[in-house]
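A short write-up of the structure that comes next.
Every read-out reported here was derived from the displayed coordinates using simple, explicitly stated rules and does not represent laboratory data. Worth saying up front: this structure is predicted, and the values here are computed from it rather than measured. Quick reminder, even Gly has a Cβ in these numbers, built from the backbone with ideal geometry, and neighbours come from all protein chains shown.
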Amino acid sequence: MSRKQLVVIGNGMVGHRFLTEAAELGLVATHHVIVCGEEPRPAYDRVHLSQFFEGKDAAALALATVEEYEQLGIELRLGDPAVAIDRNAKRVHTRSGATLEYDTLVLATGSRPFVPNVPGNDLPNCFVYRTIEDLEAIRDAAARAESGVVIGGGLLGLEAAGALVSLGLAAHVVEFMPRLMPLQVDDAGGAVLRDRIEALGVQVHLGKQTTSITRTASGSLELAFADGSRLETDLVVFSAGIRARDDLARAAGLSIGDRGGIVVDARCRTSDASIYAIGECASLGGKTYGLVAPGYRMAEVVARTLAGKDAACGDFDLSTKLKLLGVDVGSFGDAFAATPGARVISLFDGVARVYKKLVLSADRRRLLGGMLVGDASSYASLQSYVQNGIDVGDHPEALLVPPSQGGAPSGPGVENLPDSALVCSCHNVTKGTICTVIREQGLAELPAVKKCTKAGTGCGSCATLVADLLKAELVRAGVTVNNHLCEHFPHTRQELFHIVRVRGIRTFEQLIREHGRGQGCEICKPAVASILASTWNDYILKKEHAGLQDTNDRYLANIQRDGTYSVVPRVAAGEITPDQLIALGTIAKKHGLYTKITGGQRIDMFGARLEQLPAIWRDLVDAGFESGHAYGKALRTVKSCVGSTWCRYGVQDSVGLALRLEHRYKGLRSPHKLKGAVSGCARECAEAQGKDFGVIATERGFNLYVCGNGGMKPQHAVLLAADIDADTVVRYLDRFLMFYVRTADRLQRTATWLNKLEGGIDYVRKVVVDDSLGIAAELEADMARIVNTYQCEWKTTLEDPDKVRMFRSFVNSDTPDPSVVFVREREQHRPAFWSEKQRLLEQGRVRLPVVPA
Amino acid sequence: MLATNDSRSEAKNEACGLEPGESKELVWIDVCAMDDVLPGAGAAALIEGEQIALVRTMDGVLYAISNFDPFSRAFVIARGIVGDRGGVPKIASPIYKQSFDLRTGVCLDDSNVRLPVYPVRVVAGRVQVCPVPRRVA
């Protein structure tokens, strides 16, 4: 037990950042890390706290879960704040009475909201705005309130006012200073901001000092101001700034700054060499910092210092950009022109209600800072001019004006930035790092770039810049790098499709031998399997195809996080008989499966081990069910509303058409999954415009929409043809789907395919409706072959004992997979998390396979 | 690593990364028929409490690697897709698609991660595995 004890007090954003950094640097292996936090939940995103009122719940704001900390090997003590530090004995005492010994102590206690010393500030319905619990209390009070007052017109105050608006209250903002956001914008910016915010229905009261809050006879609250005026309201939110939480440190005798905060040096070390302080509670150079970026930097510095690496805090970037009540505000660098000799250019647009100000160096060549109100779209690029000292050229005023239509963009483009340019100041990521990661890891999607570089995951203000960098890198890659499927085939998917079709190739083995090299991989094998299936529609588990399939296709079920599978029988158009419902329930019960209704109007049954799948499907096939192809890049469902069958508004039989379409295209393998829907009237209850193909009934027939997408990047489907009859819907869909299947890239949904298709929907319409390429008959014939060779893959599988033998957990044993462990939850079961498995293992209640070290 | 055609045992031991003559100390366990593992595919085996993935490449070479996917912590490696990267024989986890070098167990996407690999041979059409991980230099 030579591991040192590292105790962290506080589990807010900065405390969490310290822990992730510490884990990455291996400190968790060399130290026993214990965290105690006051709040009942692990760290969450306080910067975006207001999103709690826009539908995000506590889980969506969470930065970490208890399980994740557990997996990192960090001991987390929630709801158990530290109450005292005994520096002589090197111990921390917590509220629950626990004593934590430390070798190193990190204070990340954050700050508390400052509540002005006004009589009545503790009345019921007076709140602060800092934690999820505060927001829950405000939400509950707002349910019985009509109006609310925020005291404080700074950044947080306007956030709180936005929250009151979204809770449906008449909102007021009371600010002591003569303008809003006095720390970030000047008088002109404040005026534009006020103008915009009042236009949103928030009443702004400036230059008002609150002298008392009293309770009226009717139970509401009344604010009295120094100028004699009064304001009646139902609830009050104090948001008048924050104060460092330094009381623990103060009581322990650590040095405290004149204006509060625990005094630290550039390595964030306090006056006690074994104690560090980071984030809002720390006072560095006599200042405390209420922004997340400096806090993150401090967290990194301490983690690196403890890991024996060199690190120190430099100057912090105090730039801010936010959207308050839908109003953009940005303030960066030397926004108030404090640098000697600085010159200012500004743009005040009273019509568009936009204010922009640039602060230039005395020689007018460099941008020192600026502020943006009403339109902060150029924030990230302007900020990078400041951070990187880029020459602004002879006409810096051009940076203030948005690019004119059709003209060359006058703003700074990402390509002008040097590789050293700091893009994400929260996580200290440069342009060079981002571009290298995109290139080396072949990233193509923004979320992946954010995940791999962390850029854009702090305050989020640089996300557009990161997206631009990705775009530029992809354009560059498109020019210099080939778009070959993978290292095994010097062809695009479209070219391979053509080769397979024209040369009549029926196996992967032949294709790679004649047109590729090597043995293939997890990219080309499933892609070629899909091409072969779209063209020849062979049974996908034939000996020569089985090894090409992704695990879902190979076992005709959907793999879950613990390696078990889920099973989804087809419920075409979502129409199901009572007997079928009973059968599904009976089968799920018999095989011990967890059940859930899917978004595609079907029933998903989870928790099947490999060797259970054939028995489950034997029962399903006996009950008249067939494969739902939920496992395949294939047609999934055609959702429907009940339409004219029952609905008083329905104008066509939407269920009937959805059944026809689902049964026609079921089993069709495509570059990605395909979803369809049919709505019986314009009310669109089947959400057809969110699908790859959607049909909406009209008085005169049907409108056909294509290329919609839900999921990560929702996109509405676009109209392909209007008021056509059902047979024409089918004919157009035959052509459209086959055209997409032939020409799309691997894993490209119809929406992305359309976005990248030259000519867009007009081109698709020419090909599908006008037959401009003269291939309509061929496309229809290809589709007819697929339709005519449909088979239920599960039925085929069950008929062949050799295929059934593939569904074994072990090739040498009939033992059920012992690594599959379930726990009860909400009257069903789910796979145990790793930490739960470990606990059960220690209690001797399960036998897990040996886990490699 | 072993060629599946029955070659001389000396050569086999060399291919296993073993010293010549060390084979006497290895305990070989009979697992299944060679035909139970399809070319270009994997199959999981339960051997003395350990889950081991038997993997056969398209060119007929048989490997034994842990069935544990350290990224998802599920025992699923055998259900991955077999192939090569730049000529290195590999299998990709079916959960998050990280690839592992079948010869050494080293993760090709994160060189800090390595799966145990095991000696494996084919005798008279039967696959035999020694469930003690090989030392890999």
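Computed quantities for the displayed model
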quantity: Whole-angstrom gap from segment A:501-558 to segment A:1-38, using each part's C-alpha centre; calculated: 48 Å
quantity: Order of A:423, B:55, A:638 - criterion: other Cβ atoms within 10 Å of each residue's Cβ, fewest first; calculated: B:55, A:423, A:638
quantity: Whole-Hz ³J(HN,Hα) from phi, Karplus 6.51 cos²θ - 1.76 cosθ + 1.60, for segment A:164-172, glycine and proline x; calculated: 5, 4, 6, 8, x, 9, 6, 9, 10
quantity: Qualifying trypsin sites (Lys or Arg not before Pro) for segment A:534-568 [loop in DSSP, other Cβ within 10 Å: at most 15]; calculated: A:542, A:561
quantity: Spacing of the two label points (7 Å from each Cα toward its C-beta) at residue A:67 and residue A:727, in nm; calculated: 5.4 nm
quantity: Dipole magnitude of segment A:126-240, debye to nearest 20 (Cβ charges: Lys/Arg +1, Asp/Glu -1, about Cα centre); calculated: 80 debye
quantity: Reachable aspartates and glutamates, given that their alpha-carbon falls under 14 Å from the alpha-carbon of residue A:596 and they are not under 8 places away in the same chain; calculated: A:604, A:825, A:827
quantity: Orientation-averaged projected area, Cα convex hull of chain A (nm²); calculated: 43.4 nm²
quantity: Number of partner chain Cβ atoms within 10 Å, mean per residue of A:516-525; calculated: 6
quantity: Charge tally in the Cβ shell below 12 Å around residue A:66, where Lys, Arg are +1 and Asp, Glu are -1, residue A:66 excluded; calculated: -3
quantity: At most 16 other Cβ within 10 Å, DSSP loop - GluC sites (Glu not before Pro), segment A:540-630; calculated: A:575
quantity: 10 Å Cβ neighbours from other chains, averaged over peptide A:163-176; calculated: 0
quantity: Segment A:513-580: relative contact order in percent, alpha carbon pairs under 8 Å with at least 6 residues between; calculated: 18 percent
quantity: C-alpha center-to-center spacing [segment A:153-179, segment B:66-111] in angstrom; calculated: 54 Å
quantity: Rounded to the nearest 20 debye, dipole of chain A from Cβ charges on Lys, Arg, Asp, Glu; calculated: 1240 debye
quantity: For chain A: relative contact order, % (alpha-carbon pairs under 8 angstrom, 6 or more apart); calculated: 6 percent
quantity: Neighbour-limited loop hits for trypsin sites (Lys or Arg not before Pro), segment B:65-137 (at most 12 other Cβ within 10 Å; DSSP other than H, G, I, E, B); calculated: B:135
quantity: Subset of A:287/A:309; A:4/A:451; A:323/A:639; A:454/B:97; A:357/A:431; A:803/A:837 violating a 28 Å alpha-carbon distance limit; calculated: A:4/A:451; A:323/A:639; A:803/A:837
quantity: Gyration tensor verdict on segment A:635-788 (Cα atoms; rounded if a/c is under 1.5, prolate if a/b is larger than b/c, oblate otherwise); calculated: prolate
quantity: For segment A:232-287 and segment A:753-785, distance of Cα centres in Å; calculated: 65 Å
quantity: Residue (of A:498, A:138, A:769) at the positive-pole extreme of the protein assembly as shown, dipole from beta-carbon charges; calculated: A:498
quantity: Alpha-carbon radius of gyration plus Dmax, which is the widest Cα pair, for segment A:560-622 in Å; calculated: 11.3, 33
quantity: All aspartates and glutamates inside 18 Å of residue A:543 as judged from Cα atoms, apart from same-chain residues fewer than 8 positions distant; calculated: A:509, A:522, A:553, A:793, A:799, A:800, A:802, B:35, B:36, B:59
quantity: Average other protein chain Cβ within 10 Å of Cβ, residues B:82-90; calculated: 5
quantity: Residue exposure sequence - A:647, B:32 - by fewest surrounding Cβ within 10 Å; calculated: A:647, B:32
quantity: Residue exposure sequence - A:835, A:378, A:640 - by fewest surrounding Cβ within 10 Å; calculated: A:835, A:378, A:640
